[in-house]
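Peer 1: Submitted below is the structure of interest, expressed as structure tokens.
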Amino acid sequence: MTFDPATRHQPCRDADEAIRTRQSIRAFLPDKPVPRATPKALSSAWFYDEEGSRLFQRIMALPEYYLTRTEHALLRDRADELLPWLAPDDRPLDLIELGSGDGEKTLTLCRALHERRVDATYRPMDVSAHALDELRRRFATQLPGMALEPVLGDYFLHWPATAPGRRQVAMLLGSNLGNLDERGAVALLQRIRAHLHDGDVLLLGLDLVKDPRVIHAAYDDAEGVTAAFNLNLLRRLNRELGMNFDLGRFAHFASFNPLDGAMRSFLVSTVAQTVSCTVLDREFHFARGEAIYTEQSQKYSVPMIERLAQLSGFENTQLITDPDAGYALVVWRRPVDGR
Ligand code: AVI
């Protein structure tokens, strides 16, 4: 993979992204041979142009895609178990959500804090101005008493300004961490840890390993929405890099490997073909059956979660799962002695 999924939910517009776009497409077909069966890969950051974001909204509502509704139910039904970790005393807190989207799920948690009269400011951060506008509207109508300070930013690069003395509670939900490999995940977690103070916490939503068939169905739904989401990547490359992918000649393929817990998505070339790119003045050749690796969606076991906490310098303090143990809300704390 080539660059962090930092630009989700917005089309490729600014100079930085244009540079990353070019880096990404260069790495798509490396100059040097890569000893992998599938050397071609694209960053999953590419998914979230306007159409991709729309398709992802549909994915989240699919019967097979259990992640969103399970997480939402945990936030709604288990707030009493979470709040002692998030708000253990009277100190005012900043609830910093990294990649909030439109804040639908977090509204439930904010309501729980508000009802318990916790002095909290919700600071959602997202790269999509559109999502933050939706979030503002949602809170104005459904929880107008909540202190709200949305931040337009990229959580791989930015962090909301917070006043000294306030407890920071960071949140990374939706199993978004799973779209990074272990190295990328640890790098992001270490960055988050560096912004927190001793005793501050991170709330993570993580998808867990389970029946492989259940996981597989979530990424290969009967209606074909996930397939359209994956193929939309090629449409975006055509539009933004002057490529000429024929979407009818690539097929969505999703594969879950129980050995490493990785759900992987691919686009498979159904015929031998050549695709050109005017921006890079290059051609890309595909053998029949050759795959482009487009996304990793990591599923975690408890030992994997504990290992990640250790590698990134957190204490693993609380883990709440749904009754089927299919999804977890995890609270990690930055150790008090600042180790
Ligand atoms: C955003 N991310 C956590 C989703 C996932 O489950 O990996 C993206 C997604 N890709 C296909 N379906 C959903």
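Peer 1: Looking only at the range 256-285, count every residue that is open to solvent by less than 10 Å² (accessible area, probe 1.4 Å), over 30 Å from Leu206 (Cα atoms) and not aliphatic (A, V, I, L, M) and tell me the total.
Peer 2: Result for the range 256-285: 3.
Peer 1: May I ask you to verify whether Thr294 is of a type in the set (Val, Ile, Thr), crowded, with 19+ Cβ neighbours inside 10 Å and touching a helix residue (DSSP H, G or I) at 6+ places or on another chain (Cβ under 7 Å)?
Peer 2: Working: of a type in the set (Val, Ile, Thr): yes; crowded, with 19+ Cβ neighbours inside 10 Å: yes; touching a helix residue (DSSP H, G or I) at 6+ places or on another chain (Cβ under 7 Å): yes.
Here the answer is yes, as Thr294 does meet what is asked.
Peer 1: Return the total of residues in the range 216-265 being touching an Asp or Glu at 6+ places or on another chain (Cβ under 8 Å) and of a type in the set (Val, Ile, Thr).
Peer 2: The number of residues fulfilling the criteria is 1.
For (1) more than 27 Å from Leu311 (Cα to Cα); (2) near the ligand (Cβ under 10 Å from one of its atoms); (3) surrounded by fewer than 19 Cβ atoms within 10 Å (Cβ to Cβ), each residue gets a yes or a no:
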site: Arg183; (1), (2), (3): no, no, yes
site: Arg191; (1), (2), (3): no, no, yes
site: Asp200; (1), (2), (3): no, no, no
site: Asp207; (1), (2), (3): no, yes, no
site: Val214; (1), (2), (3): yes, no, yes
site: Gly224; (1), (2), (3): yes, no, yes
site: Leu231; (1), (2), (3): yes, no, no
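Peer 1: For Ala254, state whether it is assigned to a loop (DSSP other than H, G, I, E, B), within 15 Å of the ligand (Cβ to nearest atom) and of a type in the set (A, V, I, L, M).
Peer 2: Taking the combined requirement at face value, the residue does not satisfy it.
Peer 1: Let me ask something else about it. Could you go through the range 99-119 and let me know if any residue there is in a strand (DSSP E or B) and either among the hydroxyl-bearing types (Ser, Thr, Tyr) or under 25 Å from Arg334 (Cβ atoms) (or both).
Peer 2: The initial filter retains those residues of the range 99-119 that are in a strand (DSSP E or B), namely none.
No.
Peer 1: Next question. Quick check: is even one residue across the range 128-150 buried (at least 19 other Cβ atoms within 10 Å of the Cβ), within 16 Å of the chain's Cα centre (by Cα) and not small (Gly, Ala, Ser)?
Peer 2: The answer is no; no qualifying residue exists.
Peer 1: Sticking with this structure for a sec: How many residues does the range 35-51 contain that are more than 10 Å from the ligand (Cβ to nearest atom) and either surrounded by 13 or more Cβ atoms within 10 Å (Cβ to Cβ) or at pLDDT 95 or above (or both)?
Peer 2: 11
Peer 1: Restricting to the range 146-177, give me the number of residues that are away from the ligand (no atom under 16 Å from the Cβ), out of contact with any helix residue (DSSP H, G or I) (no Cβ under 6 Å at 6 or more places or on another chain) and assigned to a loop (DSSP other than H, G, I, E, B).
Peer 2: Here the count works out to 11.
Peer 1: Same structure, new question: Would you check if there is a residue in the range 307-322 being on the phi > 0 side of the Ramachandran plot, touching a helix residue (DSSP H, G or I) at 6+ places or on another chain (Cβ under 6 Å) and of a type outside the set (D, E, K, R)?
Peer 2: Looking through the range 307-322, at least one residue is on the phi > 0 side of the Ramachandran plot, touching a helix residue (DSSP H, G or I) at 6+ places or on another chain (Cβ under 6 Å) and of a type outside the set (D, E, K, R).
Peer 1: Go through the range 52-85 and report how many residues are of a type outside the set (D, E, K, R), open to solvent by 40 Å² or more (accessible area, probe 1.4 Å) and touching a strand residue (DSSP E or B) at 6+ places or on another chain (Cβ under 9 Å).
Peer 2: Residues flagged as of a type outside the set (D, E, K, R), open to solvent by 40 Å² or more (accessible area, probe 1.4 Å) and touching a strand residue (DSSP E or B) at 6+ places or on another chain (Cβ under 9 Å) within the range 52-85 amount to 2.
Peer 1: Does the range 91-124 hold any residues that are hydrophobic (A, V, I, L, M, F, W, C) and closer than 15 Å to Arg138 by Cα, and which are they?
Peer 2: Leu107, Leu109, Cys110
Peer 1: Residue by residue through the range 258-287, note down the ones that are more than 16 Å from the ligand (Cβ to nearest atom) and either part of a loop (DSSP other than H, G, I, E, B) or under 30 Å from Val302 (Cα atoms) (or both).
Peer 2: Pro258, Leu259, Thr270, Val271, Ala272, Thr278, Val279, Leu280, Asp281, Ala287
Peer 1: Okay, moving on. Let me confirm something: among Asp94, Asp119, Asp102, which residue is free of Cβ contacts under 8 Å to residues at least 60 places away in the same chain, under 22 Å from the mean Cα position of the chain (by Cα) and under 20 Å from Glu149 (Cβ atoms)? Quick ask: steps written out before the conclusion?
Peer 2: Values: Asp94 fails: free of Cβ contacts under 8 Å to residues at least 60 places away in the same chain; Asp119 fails: under 22 Å from the mean Cα position of the chain (by Cα).
Going through Asp94, Asp119, Asp102 in turn, the sole match is Asp102.
Peer 1: Could you say whether any residue in the range 151-165 is of a type in the set (Ser, Thr, Tyr), more than 13 Å from Gly103 (Cα to Cα) and open to solvent by 40 Å² or more (accessible area, probe 1.4 Å)?
Peer 2: yes
The values are calculated or read from the model by the stated rules, or taken from the named source; none is laboratory data. Given the structure is predicted, the values throughout are model-derived calculations rather than measurements. FYI the Cβ positions are ideal-geometry reconstructions off the backbone, even for glycines, and counts take in every protein chain you see. Note: accessible area is taken over every heavy atom of the protein model, side chains too, but ligands, DNA and RNA are not part of it. Shrake-Rupley method; radii C 1.70, N 1.55, O 1.52, S 1.80 Å.
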